[in-house]
Amino acid sequence: MRRRGFGINIVALLISLIFLFPLYWTFLTAFRTEAQILAWPPDFLPKNLTISNFKEVLSHPHDTPVFRWFLNSVIAAVSYASLSVFVGILAAFALARLKFRFRDTYFKLMLVSMAVPGMIHFLPNYTTVEAFGWTDSLIAIIVPGLASTFGIFLLRQFFISIPREIEEASIIDGANIRQRILYIIAPLAKESIIILWVMNFMSNWNDY
């Protein structure tokens, strides 16, 4: 058993090193000159490191406004994650709890849309953004994807699992829809909401 456990640890260590190596190489490359980067065979050990690359980038704020780019990414990712979760909660609650005509049909069509490749949306999204005059703005990378089909599906499935008796008790106490979502549904589904927020944040961050 000890030998087996030792072997598993060795395999896990090797796999970890394989996944960590690109991060190590990226970090090392940032502190090397162009000649060192293009040298063959490559040197995997940190030697003659320099910060000249950082000086070059930061010394020309008008040509390479790195901090502005970083701030734009933070604003876009946080705004998209927060607003998409907000929209997802409202849509998921409607599909899980409210009764209206064609509710199930709409949900099935929404599931079918998940099979459509994301690249097909690029042209319609750009046309819409251009029509609203949002080109070259942060709004263009935040608003088009707020109604996340996967997010709505994820939250709806969790909302359905919440016992209706809890909501019915709040209705008897006079709670309206906003209060039911804010004080009952959202707290009980906080794990799913946090997971969705992180996923949406990473999705937008990696895109831009």
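The values are calculated or read from the model by the stated rules, or taken from the named source; none is laboratory data. Worth saying up front: this structure is predicted, and the values here are computed from it rather than measured. As a convention, Cβ positions derive from the backbone with ideal geometry for all residues, glycine included, and neighbour counts pool all protein chains shown.
Only one entry in Arg97, Arg164, Arg178, Arg156 is of a type in the set (Lys, Arg) and under 30 Å from Ser73 (Cα atoms), namely Arg156. Of the helices (runs of 4 or more DSSP H) entirely within the stretch 120-197, those holding at least 1 residues that are free of Cβ contacts under 8 Å to residues at least 24 places away in the same chain, surrounded by fewer than 14 Cβ atoms within 10 Å (Cβ to Cβ) and more than 25 Å from the chain's Cα centre (by Cα) occupy 122-131, 164-172, 177-180. Output the number of the condition that Arg68 fails; it satisfies all remaining conditions of (1) at negative phi; (2) modelled with pLDDT under 85. It is condition (2) that Arg68 fails.
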